[in-house]
């Protein structure tokens, strides 16, 4: 398993009329966390794009429990629990500063050849890196 965490502070513009962090913002928080996880593991989205691979989100599921508020410092924990193939799944847990679980989620992204638009396996260097975590 590969795991990491990122910190995100809720900005005023990310709240709704109720004073809660607007639910749609969590997708961006998850994007930050998964990008940092890959970077910390030794590979970046930019490198994948330079190799001709894009990674669209094909599934996103969120279970909301407790809202975040303006200026809350959130911890977004992210996990890759299975070796990626044509798709890669990221699981998330978001906590507030008190350590309360606010929501849990997962996204599934697909490795797509930018020129052909067809799904496929990630580049071999990425597969080699992931192999270190999933042997």
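May I ask you to list the residues in the range 41-59 that are touching a residue at least 24 places away in the same chain (Cβ under 8 Å), under 13 Å from the mean Cα position of the chain (by Cα) and either closer than 18 Å to residue 128 by Cα or surrounded by 15 or more Cβ atoms within 10 Å (Cβ to Cβ) (or both)?
Listed by number, the list holds a single entry, 55.
Condition (residue is surrounded by fewer than 14 Cβ atoms within 10 Å (Cβ to Cβ) and under 21 Å from residue 4 (Cβ atoms)) applied to the range 29-39: is it met by at least one residue? Give the derivation first.
Residues of the range 29-39 that are surrounded by fewer than 14 Cβ atoms within 10 Å (Cβ to Cβ), as a first pass: none.
Within the range 29-39, none of the residues are surrounded by fewer than 14 Cβ atoms within 10 Å (Cβ to Cβ) and under 21 Å from residue 4 (Cβ atoms).
Is it the case that the range 30-40 has a residue that's in contact (Cβ under 8 Å) with a residue 12 or more places away in the chain and assigned to a strand (DSSP E or B)? Walk me through how you get there before you give the answer.
Going residue by residue through the range 30-40, those that are in contact (Cβ under 8 Å) with a residue 12 or more places away in the chain are 30, 32-34, 36-37, 40.
From what's left, assigned to a strand (DSSP E or B): none.
Checking the range 30-40: not a single residue is in contact (Cβ under 8 Å) with a residue 12 or more places away in the chain and assigned to a strand (DSSP E or B).
Which condition number in (1) in contact with a strand residue (DSSP E or B) (Cβ under 9 Å, 6 or more places away or on another chain); (2) touching a residue at least 12 places away in the same chain (Cβ under 8 Å); (3) in a loop (DSSP other than H, G, I, E, B) is the one that residue 83 fails?
Going through the list (1) in contact with a strand residue (DSSP E or B) (Cβ under 9 Å, 6 or more places away or on another chain); (2) touching a residue at least 12 places away in the same chain (Cβ under 8 Å); (3) in a loop (DSSP other than H, G, I, E, B), residue 83 breaks only (1).
For residue 3, all conditions in the list (1) within 25 Å of residue 127 (Cβ to Cβ); (2) at pLDDT 95 or above; (3) surrounded by 13 or more Cβ atoms within 10 Å (Cβ to Cβ); (4) more than 13 Å from the chain's Cα centre (by Cα) hold save one; what is the number of the exception?
(4)
The values are calculated or read from the model by the stated rules, or taken from the named source; none is laboratory data. Predicted model, so just to flag it, every value in this text is computed and none were measured. A quick note on method: Cβ atoms are made from the backbone with ideal geometry, for glycine too, and the neighbour counts reach across all protein chains shown.
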